[in-house]
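Asks: After the structure tokens below, expect a handful of questions from me.
The values are calculated or read from the model by the stated rules, or taken from the named source; none is laboratory data. Quick caveat: nothing in here was measured; it's all calculated off a predicted structure. Please note: Cβ atoms are built from the backbone with ideal geometry, for glycine as well, and neighbour counts cover all protein chains shown. For the accessible areas, the whole protein counts, side chains as well, though only heavy atoms, and no ligand, DNA or RNA atoms are used. Shrake-Rupley method; radii C 1.70, N 1.55, O 1.52, S 1.80 Å.
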Amino acid sequence: MCKDYVYDKDIEQIAKEEQGEALKLQASTSTELSHQQCSVPGIGEKYPTWETTKPELELLGHNPRRRRITSSFTIGLRGLINLGNTCFMNCIVQALTHTPILRDFFLSDRHRCEMPSPELCLVCEMSSLFRELYSGNPSPHVPYKLLHLVWIHARHLAGYRQQDAHEFLIAALDVLHRHCKGDDVGKAANNPNHCNCIIDQIFTGGLQSDVTCQACHGVSTTIDPCWDISLDLPGSCTSFWPMSPGRESSVNGESHIPGITTLTDCLRRFTRPEHLGSSAKIKCGSCQSYQESTKQLTMNKLPVVACFHFKRFEHSAKQRRKITTYISFPLELDMTPFMASSKESRMNGQLQLPTNSGNNENKYSLFAVVNHQGTLESGHYTSFIRHHKDQWFKCDDAVITKASIKDVLDSEGYLLFYHKQVLEHESEKVKEMNTQAY
């Protein structure tokens, strides 16, 4: 057998008819349930969130027959076939399917399709993809339908050319955001500020821009939604490098090594005041005159999942190249110093950290890293994903191998994914009960 994939129109038509009958049955069942005012969540109804009670915690602690997650637990570890220069898509899919809260949403069947044509809904396909990857099937999955839908809804990514993983991530989040709202033409994506879809609940943060007039010191503030933070690197055409480590060398547990730039260095540069210069005068809303000003970016609202993008691919009038500078990044990250609320602790563009930052709401844990090997013209994307606690794996298309924390932290890094620590599902109390039960 050649093991090639065959498209059968007759089988496809039968599948569509059966799917249509199932949807009709689901709709009728949902209507009957609503008429009966059923108090139990059923088809078409939203599931309530589960908050553990004391009796439930005790039951969990004393039940020795429940399934344990061990170092050999492999559910969710499934490779993806490369369909022709689609490694950029595969590594982003691995990162998204290992995003804890997004995984919980789809595996609990929370998605209710709002699209007029469900077969074209990317959210429905993501839901199906989650089920496939967490089915326990060890053979690599073929994401042909996902690729087809991406080509339909993000035409600039169509074709078998090598694409940028960051560009694919933003395009995928945009389409998912639109399809969550049943919008296939991009209307909803123009103003995601007040969106409550699962994508915006998880990935959308608020980026605050403060422009200060140098004459009257009036401040103009705008807050824009963002799905990621793109960071300049040393060695690029941008200015203000190198950064002086000063007193901030131990931020986020990163010990400063001479010549090594850290993620904190990049964030400090991103949030430092920038003088706009005499060629970029703006009209001040307070003194009503065109004046020089300074601009400073800070985080007004932190997302549940923070994605950091290192600008490794430089496209300028003079040259096109890849910046291979190594950036050190931590397993745990505290974003408190980069919040707008922490702005008063900044003096002259230098970050001053509180001696003991106890705000757990702003603390993050690393769970995925996307890397690019090669040059600007040709290369290959791989990813590291955290499967459970400190269990890391390298995803290279269809091949998944175990990796060490050192492998992860020593990698070059192109995209970093962190999620809020407060969303870790196992509380310390449950962990203690687990230990006692065994």
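Asks: Out of everything in the stretch 290-316 that is farther than 18 Å from Ile223 by Cα and not in a strand (DSSP E or B), what residue ends up being nearest to the chain's Cα centre (by Cα)?
Replies: It comes out as Lys311.
Asks: Hey, which of the strands (runs of 3 or more DSSP E) in the stretch 364-428, taking only ones fully inside, have at least 3 residues that are touching a Leu at 6+ places or on another chain (Cβ under 6 Å) and open to solvent by 30 Å² or more (accessible area, probe 1.4 Å)? Don't jump to the end; show me each part of the working.
Replies: Details: elements: 379-388, 391-396, 399-403, 415-420.
Qualifying strands (runs of 3 or more DSSP E): none found.
Asks: Could I ask something else about it? Inside the stretch 120-151, can you point out the residues that are surrounded by 18 or more Cβ atoms within 10 Å (Cβ to Cβ) and not in a helix (DSSP H, G or I)?
Replies: Cys121, His141, Pro143 - these are the residues of the stretch 120-151 that are surrounded by 18 or more Cβ atoms within 10 Å (Cβ to Cβ) and not in a helix (DSSP H, G or I).
Asks: Go through (1) under 30 Å from Asp104 (Cα atoms); (2) open to solvent by less than 20 Å² (accessible area, probe 1.4 Å) and name the single condition Lys301 misses.
Replies: Here Lys301 meets the rest and fails (2).
Asks: Residue check: is Leu176 in a helix (DSSP H, G or I) and within 18 Å of the chain's Cα centre (by Cα)? Outline the logic, then answer.
Replies: Details: in a helix (DSSP H, G or I): yes; within 18 Å of the chain's Cα centre (by Cα): yes.
So Leu176 fits the description; yes.
Asks: Could you tell me whether the stretch 213-230 includes any residue that is farther than 20 Å from Ser341 by Cβ, within 23 Å of the chain's Cα centre (by Cα) and at pLDDT below 85?
Replies: Checked the stretch 213-230: no residue is farther than 20 Å from Ser341 by Cβ, within 23 Å of the chain's Cα centre (by Cα) and at pLDDT below 85.
Asks: Limited to the stretch 83-103, what total is found for residues that are open to solvent by 50 Å² or more (accessible area, probe 1.4 Å) and either modelled with pLDDT under 90 or among the β-branched types (Val, Ile, Thr) (or both)?
Replies: Qualifying residue count, the stretch 83-103: 1.
Asks: For Ala171, are the conditions met, namely being buried (at least 16 other Cβ atoms within 10 Å of the Cβ) and either in contact (Cβ under 8 Å) with a residue 40 or more places away in the chain or not in a helix (DSSP H, G or I) (or both)?
Replies: Working: buried (at least 16 other Cβ atoms within 10 Å of the Cβ): yes; either in contact (Cβ under 8 Å) with a residue 40 or more places away in the chain or not in a helix (DSSP H, G or I) (or both): no.
The answer is no for Ala171.
Asks: Picking from Leu80, Leu57, which residue would you name as being touching a strand residue (DSSP E or B) at 6+ places or on another chain (Cβ under 7 Å), surrounded by 10 or more Cβ atoms within 10 Å (Cβ to Cβ) and modelled with pLDDT of 55 or more? It would help to see each step written out before you state the result.
Replies: Working: Leu57 fails: touching a strand residue (DSSP E or B) at 6+ places or on another chain (Cβ under 7 Å).
That would be Leu80, the only listed residue that is touching a strand residue (DSSP E or B) at 6+ places or on another chain (Cβ under 7 Å), surrounded by 10 or more Cβ atoms within 10 Å (Cβ to Cβ) and modelled with pLDDT of 55 or more.
Asks: Continuing with this model, one more query. Scan the stretch 331-356 residue by residue and report those that are out of contact with any Phe, Trp or Tyr (no Cβ under 9 Å at 6 or more places or on another chain) and at pLDDT 70 or above.
Replies: If the condition is that a residue be out of contact with any Phe, Trp or Tyr (no Cβ under 9 Å at 6 or more places or on another chain) and at pLDDT 70 or above, then Leu331, Thr336, Pro337, Met339, Ala340, Ser341, Ser342 are the ones that fit.
Asks: Turning to a different aspect of this structure: Would you confirm whether any residue within the stretch 169-189 is modelled with pLDDT of 95 or more, closer than 30 Å to Met339 by Cα and either among the aromatic types (Phe, Trp, Tyr) or in contact with a strand residue (DSSP E or B) (Cβ under 8 Å, 6 or more places away or on another chain) (or both)?
Replies: Within the stretch 169-189, one or more residues are modelled with pLDDT of 95 or more, closer than 30 Å to Met339 by Cα and either among the aromatic types (Phe, Trp, Tyr) or in contact with a strand residue (DSSP E or B) (Cβ under 8 Å, 6 or more places away or on another chain) (or both).
Asks: Consider the stretch 152-161. How many of its residues are more than 18 Å from Pro118 (Cβ to Cβ) and open to solvent by 50 Å² or more (accessible area, probe 1.4 Å)? Steps first, please.
Replies: Residues of the stretch 152-161 that are more than 18 Å from Pro118 (Cβ to Cβ), as a first pass: 154-161.
Okay, now just the ones that are also open to solvent by 50 Å² or more (accessible area, probe 1.4 Å), so 155-156, 160-161.
Going through the stretch 152-161 one residue at a time, the tally reaches 4.
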